[in-house]
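Data block below; observations after.
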Amino acid sequence: MSTPEPELAHETVEEPAAAFADLDVDAPRVGIVMGSKSDLPAMEKAEKELTERGIRCEVRVMSAHRDPEKVADYARNARMRGLRVIIAGAGLSAALPGVVAAHTDLPVIGVPLTSSTSIAGGLDALLSIAQMPPGVPVATVGVDNARNAAVLAARILDA
Ligand code: RP5
């Protein structure tokens, strides 16, 4: 007795254009988020680097401590919106990159930032971002080195 042929999903291959009709080709590939407006001068270096490389990105301010629901929503919807990497910068008890990583399986790059009340030159933020528990990684760049986060994002996108 012969095995029956599996049914082919004709309807999905007959009209490929329809499958891509809703795809936004101008959607940003990299999300740049930060905990405070005061982080903007440091984080704009990531935006500049990505823009110079022709990589579409978006910039958002949202605090893991002050806007936890907003951060969770952003991270949960990121992949569906077309984002492929998230760069998250924060200072002090810098929870933002880790919280983003908790709500998405996209690669998250954390940028530890100095602020007016940092201790040990940003070591507080560096440890907060790098010391993630096993299974929830945040790739961490140097203190205030948002440009490196953009270079790393570009390499991830090209991989
Ligand atoms: C963090 O606290 C922010 O990422 C910023 O680096 C630092 C200070 O924030 P502001 O007091 O300037 O809003 O949450």
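The values are calculated or read from the model by the stated rules, or taken from the named source; none is laboratory data. Computed from a predicted structure; not experimentally measured. Here the Cβ positions follow ideal geometry from the backbone for every residue, glycine too, while neighbour counts run over all protein chains shown. Accessible surface areas use protein heavy atoms only, side chains included; no ligands, DNA or RNA. Shrake-Rupley method; radii C 1.70, N 1.55, O 1.52, S 1.80 Å.
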Would you confirm whether or not the range 52-69 contains a residue that is without any contact (Cβ under 8 Å) to a residue 40 or more places away in the chain, closer than 11 Å to Ile129 by Cβ and open to solvent by 50 Å² or more (accessible area, probe 1.4 Å)? no
Looking only at the range 83-96, which residues are open to solvent by less than 20 Å² (accessible area, probe 1.4 Å) and more than 10 Å from the ligand (Cβ to nearest atom)? Leu83, Val85, Ile86, Ile87
Can you confirm whether the range 57-69 contains a residue that is away from the ligand (no atom under 16 Å from the Cβ), modelled with pLDDT of 95 or more, closer than 20 Å to Leu152 by Cα and in contact with a helix residue (DSSP H, G or I) (Cβ under 6 Å, 6 or more places away or on another chain)? yes
In the set Ala75, Ala42, the lone residue that is away from the ligand (no atom under 12 Å from the Cβ) and crowded, with 16+ Cβ neighbours inside 10 Å is Ala75
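For every residue, the table says whether it meets (1) over 11 Å from Ala88 (Cβ atoms); (2) within 15 Å of the ligand (Cβ to nearest atom); (3) crowded, with 18+ Cβ neighbours inside 10 Å.
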{"position": "Thr104", "(1), (2), (3)": "no, no, yes"}
{"position": "Gly110", "(1), (2), (3)": "no, yes, yes"}
{"position": "Thr114", "(1), (2), (3)": "yes, yes, yes"}
{"position": "Leu123", "(1), (2), (3)": "yes, yes, no"}
{"position": "Gln131", "(1), (2), (3)": "yes, no, no"}
{"position": "Pro134", "(1), (2), (3)": "yes, no, no"}
{"position": "Val138", "(1), (2), (3)": "no, yes, yes"}
{"position": "Ala146", "(1), (2), (3)": "no, yes, yes"}
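Taking the conditions exactly as written (modelled with pLDDT of 95 or more, assigned to a strand (DSSP E or B) and farther than 16 Å from Val99 by Cβ), does Val33 satisfy them or not?
Details: modelled with pLDDT of 95 or more: yes; assigned to a strand (DSSP E or B): yes; farther than 16 Å from Val99 by Cβ: no.
The answer is no for Val33.
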